[in-house]
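For reference, the structure is listed below as structure tokens.
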Amino acid sequence: MICVSLPFVDEKTVGRLLDQKFLVEVRLDLAKDKSAFCKVIKKYKQIIVTYRGGDDIAVRAKFFEKAIDCGIAYVDLDITDSELKNILEEKLKNSPTRLILSYHNFDVTPAKEKLVDIYEKCRSEGADIVKIVTMSNGVADNAVIMSLYEFSQGDIIAFGMGNKGKITRIIAPFLGAPFTYACYSRGKKTAQGQIDYKSLKDMIATIEKYL
């Protein structure tokens, strides 16, 4: 499955993507206009709500709580966001919404041992899915990232950022990732190295022909 990451909140766009069997991530931290958010989460459920730091924690918690109350599929919290996680913990226990805990390193890909420790820490803290995203500076980094799937029980999403990490986004679903991420269009990227969803869909379909 492909998750299309949106840096805006638009009911029609979300609906159109879900109709095409994509998962949708709504990046509230990147959305300038959040006025359609409540309408979207009441109508659609196959959504990941992500709201990285920057705004007041009480403001962010309010949006997450609304999403959980509506029973959306996932909320994504950074592993450093422990205070926000504690606020949402009880509500998540009584909801079908699943928790993604994310680790990002925008500079390098750490050693495999460190990434495995991060995976185990996230699982011990209640993550349903652990997302590990690091900067890839070449083949060796890609090999480290992909090696994490040997520990997966369908609960790891690992890929590399940057142009050299693009291949890891493409092959992640074939190694056990429940889904991989794409941007809506080339001008709407939410991370370095993202591939637009139409191109990524075609690439995955081509690989599937040979499996």
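The values are calculated or read from the model by the stated rules, or taken from the named source; none is laboratory data. As the structure is a prediction and not an experimental result, all values here were calculated from the model. We place every Cβ from the backbone using ideal geometry, glycine too, and count neighbours over all the protein chains shown.
Residues checked against (1) at pLDDT 95 or above; (2) within 27 Å of Asp81 (Cβ to Cβ); (3) in a loop (DSSP other than H, G, I, E, B); (4) not aliphatic (A, V, I, L, M):
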residue	(1), (2), (3), (4)
Val133	yes, yes, no, no
Ala140	yes, no, no, no
Tyr149	yes, yes, no, yes
Gly160	yes, yes, no, yes
Lys166	yes, no, no, yes
Ala177	yes, yes, yes, no
Gly193	no, yes, yes, yes
Leu200	yes, no, no, no
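Total residues in the range 114-138 satisfying the condition of being without any contact (Cβ under 8 Å) to a residue 12 or more places away in the chain and under 22 Å from Gly162 (Cβ atoms): the figure is 1. Scanning the range 141-155 for residues that are closer than 18 Å to Ala127 by Cβ, hydrophobic (A, V, I, L, M, F, W, C) and surrounded by fewer than 19 Cβ atoms within 10 Å (Cβ to Cβ) turns up just one, Phe151.
Consider the range 49-78 and keep the residues that are small (Gly, Ala, Ser) and in a helix (DSSP H, G or I). The one that is nearest to Asp10 (Cα to Cα) is Ala67.
If the condition is being out of contact with any helix residue (DSSP H, G or I) (no Cβ under 7 Å at 6 or more places or on another chain), surrounded by 17 or more Cβ atoms within 10 Å (Cβ to Cβ) and of a type in the set (Val, Ile, Thr), then the range 69-119 contributes Ile100, Ile118.
Name, by its number, the condition in (1) out of contact with any helix residue (DSSP H, G or I) (no Cβ under 6 Å at 6 or more places or on another chain); (2) more than 15 Å from His104 (Cα to Cα); (3) not hydroxyl-bearing (Ser, Thr, Tyr) that does not hold for Gly138. Condition not satisfied by Gly138: (1). Can we say Ala127 is surrounded by 16 or more Cβ atoms within 10 Å (Cβ to Cβ) and either small (Gly, Ala, Ser) or in a helix (DSSP H, G or I) (or both)? So Ala127 passes the test.
For Ile145, state whether it is within 16 Å of Met203 (Cβ to Cβ) and in a helix (DSSP H, G or I). No; evaluated as a whole, the condition is false for this residue.
Scan the range 162-211 residue by residue and report those that are among the polar types (S, T, N, Q), under 19 Å from Ile145 (Cα atoms) and surrounded by fewer than 18 Cβ atoms within 10 Å (Cβ to Cβ).
Answer for the range 162-211, where residues must be among the polar types (S, T, N, Q), under 19 Å from Ile145 (Cα atoms) and surrounded by fewer than 18 Cβ atoms within 10 Å (Cβ to Cβ): Asn163, Gln192.
Among the residues of the range 41-77, those that are among the small types (Gly, Ala, Ser) and in contact (Cβ under 8 Å) with a residue 12 or more places away in the chain comprise Gly53, Gly54, Ala61, Ala67, Gly71, Ala73.
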